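The values are calculated or read from the model by the stated rules, or taken from the named source; none is laboratory data. Just so it is clear, the model here is predicted, and its values are computed rather than measured. Please note: Cβ atoms are built from the backbone with ideal geometry, for glycine as well, and neighbour counts cover all protein chains shown.
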Amino acid sequence: TYVVTDACIRCKYMDCVEVCPVDCFYEGDNMLVINPSECIDCGVCEPECPAEAILPDTESGLEQWLELNNTFANQWPNITRKRDAPADADEWKNVPGKYEAHFS
Ligand code: SF4
Ligand code: F3S
């Protein structure tokens with residue numbers, strides 16, 4: 001599966017949802033997640049994300065993100081259409097520590 005990581009937080013460009021063939025993105029207030037049970041590993045979303053927030057879970061150190069994606073995909077609503085990104089999305093691009101600021 002692919003997972004959405006902290007780079008998505010407060011950026012939320014939503015280009016990813018437009019290309020996913022199985023519509024497996026779910027939307028929270030500050031970020032999106034992928035449902036690992038539905039993702040077919042096609043990889044087309046990865047290069048679409050301007051924040052480079054989407055990674056294959058085969059990369060090391062992503063266990064926490066896999067768990068978070070799985071948890072919230074089962075709580076948040078499905079999203080299949082891109083809307084405008086937050087007005088300050090570009091200001092949050094590449095900002096470190098976004099997870100700590102928003103989830104703890
Ligand atoms: Fe959707 Fe493919 Fe991305 Fe998985 S890898 S979330 S199936 S676009
Ligand atoms: Fe987030 Fe990138 Fe999609 S910023 S909403 S994972 S395009």
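A few remarks follow.
- Sole residue being modelled with pLDDT of 95 or more, hydrophobic (A, V, I, L, M, F, W, C) and near ligand 2 (Cβ under 10 Å from one of its atoms), chosen from 62, 32, 68: 32
- Within the stretch 44-61, the residues that satisfy the criterion of being within 13 Å of the chain's Cα centre (by Cα) and part of a loop (DSSP other than H, G, I, E, B) are 45, 49, 50, 51, 52, 53, 57.
- For the stretch 65-94, filtered to residues that are more than 17 Å from residue 26 (Cα to Cα) and part of a helix (DSSP H, G or I), the residue that is nearest to ligand 1 (Cβ to nearest atom) is 89.
- When residue 22 is tested against the conditions (1) more than 7 Å from ligand 2 (Cβ to nearest atom); (2) assigned to a loop (DSSP other than H, G, I, E, B); (3) touching a residue at least 40 places away in the same chain (Cβ under 8 Å), the lone failure is (3).
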